[in-house]
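The values are calculated or read from the model by the stated rules, or taken from the named source; none is laboratory data. As the structure is a prediction and not an experimental result, all values here were calculated from the model. Don't worry about glycine lacking a Cβ; one is built from the backbone with ideal geometry, like all the others, and counts go over all protein chains shown. Side chains are part of the model used for accessible areas, which takes the heavy atoms of the whole protein and leaves out ligands, DNA and RNA. Shrake-Rupley method; radii C 1.70, N 1.55, O 1.52, S 1.80 Å.
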Amino acid sequence: MTSETSNIKPLIYIILLNLLGAALISIQYGGVNLEAVILTGAFCVVSIVSYVVVYVAELGDPYLFLIISVLGSVGCIMQTRIKPEYGIRQLKWFLLGTACYFVIMLGYRFLSRWLTKLLPLYLGLSLALFIATQVFGKTSHGAKNWIYVGGVSVQPSEVIRILFVLGLAVIFTAPMPEKLESKVKIKPRLLRLVTASAVTVVSAAFLLLQREWGITLLFFATYFFFLYVYGASRLYLALNGLAAAAVAVIGATKVSHIKVRVDTWLDPFADASGKGYQITQSLFAIGEGGMAGRGIGAGSVYFIPEVHSDFIFSAICEEMGVVGGLAILMLYFVLVYRGFKIALSCTNAYNKAVAFGISFILGLQTFIIIGGVIKLIPLTGITLPFVSYGGSSMLTTFAACGILQAISGMKEELTDEIQ
Amino acid sequence: MGGILSRILTYIFVIIIYLFIYAIIRMIFLDIRAMNRKKSGSLAEAYLKLINLRRDLDFNMDESYELEDDEIIGRGNKCTLRLPDKYLSVRHCRIYKSDGSYFIEDLGSTNGTYLNGDELTDEAVELMDGDKISIGRLNFIFVMPKTEG
């Protein structure tokens, strides 16, 4: 067994991390904190059990869930540090998400044969969700993006982003149905491009109606990335880029709440106590933390608005320092790297496209929100995967990673080689 | 006082995250090294060619594996050639080069190492071009293209 011990090292680090977290939170609240103890226990059990399950049942990539566990631990520790109730609720979502991860993984494995034929389902479901958001949506923070189902608030765009990737992957990789090919006198390549563009334009229109600019950017960039990877001509790429730029410019000059976002990005201190309040507080917090941070529980994170969701990264930087913030970034880097690795080593064209899309969305989402809170790009409300507080974000990101895990564990299909 | 303590603990916290990242990257590095040593073949003096049909195996294998001067074959991650067959031992067998010839020896594996159908005993045996090596569920042909000399 000696040569297997280095496999256990990451697990030991996860346990140490959670123990330290519990200690830090207990210091902060001046006594043993029950929530922190529950958290530590739960994370240790979940990461060990999941790792053993993946390892023994040979379900593919053993690193994905480990990295997710660390991100989740840091997230839950920060949530508990902000407010113990948040920590417990976040833990519940994490556990539900873990279940979701394995269910989606098994589902994807068993259904992999039919997934390419379900394009109408993906598009129909997305459309239904978009319309539901329009009809039943509640407005919060300038965006109409929540619906309430039985007392629980859900953000449908989080689900749609996965359906969008699954749909685009079908459009770009599935063989054309022969009937359609003979009926419509159009080159398959062109048909693909047009379908993909149409789907993206419709999605973007709905998202803009809901005033979800961040997620619109996410969708468009994913579509653009697919175009690039699947060899659309430079001209087509340029046209799409120009169209997007035009929409962005119109948004930045004509739509008032986007104009505010851009103005506060260019000069947040012009109105530091009003419109620029969020971003300036975030910058102050990051500056206050400095290189090494003020210590978890010792910062003054309550000054940051929305600190438990969109601005969690500022709180991490304040209390764990730039060094700690970089550590979180590196965790995302390794996670996304694993995603691309899975995509590269997979032989099935459809799965490859799905893995590419999901990894890309994960990476881009991290960039958009972290870039926003450090004032690298204009701020848009998107969650930081696995760390930000929020149920629908947690569950859908887990589902997406479950798909990655399923793809990494699937037996290489040799049909491509035989052909 | 609490401030200093939580500061120190936070430093340790961050260091552990970095140690975790290091451990993961190291494991990934070992994986990639194991994966990259397939075919290309041009430089290798000898290689193992898989003769199982790959679709009969429920795990991924390459068609062939180049051999370097000293290879430990097995399931464990300290092996220089890691193969995912469950029927292999953590350290299963060793193939090494000595005076221009290749030798194979069993490293006390549970299910044994077979050369042309005969189980290997304690001592190392010289490999010839075209020998059949069986370990676990895997069957290989040892290929050593004649070097011009």
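Taking region A:24-110, which GluC sites (Glu not before Pro) meet the DSSP loop condition and have no more than 16 other C-beta atoms within 10 Å? Could the numbers behind the result be given before it?
On the way: sites: A:Glu35, A:Glu58, A:Glu85; in loops: A:Glu58.
Listed in order of number, the matching sites are A:Glu58.
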For the protein assembly as shown: accessible area per residue (Å², 1.4 Å): 46
Give me the inter-chain shielding for B:21-31: mean count of other chain Cβ atoms within 10 Å, whole number please. 6
Given a 1.4 angstrom probe, I'd like the percentage of the accessible area of region A:188-276 that is carbon and sulfur, rounded to a whole number. 72
Could you identify which residue out of A:Ile286, A:Ile215, A:Ile250 has the top mean-square fluctuation in a GNM of chain A using Cα springs shorter than 10 Å? A:Ile250
Given the alpha-carbon gyration tensor of the protein assembly as shown, what are the semi-axes of its equivalent ellipsoid in whole angstrom, ordered largest first, with each equal to the square root of 5 times an eigenvalue? 46, 33, 20
Let me confirm one metric for peptide B:70-78, namely the mean number of other chain beta-carbon atoms within 10 Å of its residues' beta-carbons. 2
What percent does the relative contact order of chain A come to when contacts are Cα pairs within less than 8 Å and at least six residues apart? 22
Using only helices, what value at 222 nm comes out for chain A when you add -39,500 (n - 2.57) per DSSP H run of length 4 or more and divide by the total residues, to the nearest 500 deg cm²/dmol? -24500 deg cm²/dmol
Please list the non-local residues whose amide H lies under 5 Å from the amide H of B:Gly112, H modeled 1.01 Å from N, same-chain partners needing a gap of 5 or more. none
What residue among A:Leu344, A:Leu64, A:Leu39 shows peak mean-square fluctuation when chain A is described by a Gaussian network model with Cα springs under 10 Å? A:Leu344
Cβ-derived FRET efficiency at R0 25 Å, A:Phe340 paired with A:Arg234, nearest 0.05: 0.60
Using a 10 Å Cβ count of at most 12 others and DSSP loop calls, identify the longest part of chain B lacking such trypsin sites (Lys or Arg not before Pro). B:1-85
In whole Hz and in residue order, list the ³J(HN,Hα) couplings for region A:58-68 that follow from phi through the Karplus curve 6.51 cos²θ - 1.76 cosθ + 1.60, θ = phi - 60°; x for Gly and Pro. 6, 8, x, 3, x, 8, 3, 5, 4, 5, 4
On C-alpha positions alone, give me the angle between the axis of helix B:2-36 and the longest principal axis of chain B, in degrees, nearest 10. 10
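Within the set A:Lys117/A:Lys138; A:Lys341/B:Lys132; A:Lys9/B:Lys97; A:Lys92/A:Lys138, which residue pairs have Cα atoms separated by over 29 Å?
A:Lys117/A:Lys138; A:Lys341/B:Lys132; A:Lys9/B:Lys97
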For chain B, set up a GNM with springs between Cα atoms under 10 Å and report which of B:Asp122, B:Asp106, B:Asp62 has the largest fluctuation. B:Asp122
Exactly which GluC sites (Glu not before Pro) in region B:101-139 are in a DSSP loop and have at most 11 other Cβ atoms within 10 Å? B:Glu123
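Name the chymotrypsin sites (Phe, Trp or Tyr not before Pro) in region B:61-130 that are in a loop by DSSP and that have at most 15 other C-beta atoms within 10 Å, would you?
B:Tyr87
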Show me, for region A:271-288, the HN-Hα J-couplings you get by feeding each phi into the Karplus relation (A = 6.51, B = -1.76, C = 1.60, θ = phi - 60°), rounded to Hz, glycine and proline as x. 9, 5, 9, x, 5, x, 4, 3, 5, 5, 4, 4, 5, 4, 4, 5, x, 4
Under the Debye formula (equal points on every Cα, no solvent term), log10 I(q)/I(0) of region B:1-143 at q = 0.22 Å⁻¹: -1.45
Local net charge near A:Ser282, Cβ-Cβ under 14 Å (Lys/Arg +1, Asp/Glu -1): -2
Calc'd 3J(HN,Hα), region A:30-39, phi into Karplus 6.51 cos²θ - 1.76 cosθ + 1.60 (θ = phi - 60°), Hz, glycine/Pro = x, comes to x, x, 4, 9, 4, 4, 5, 5, 4, 4
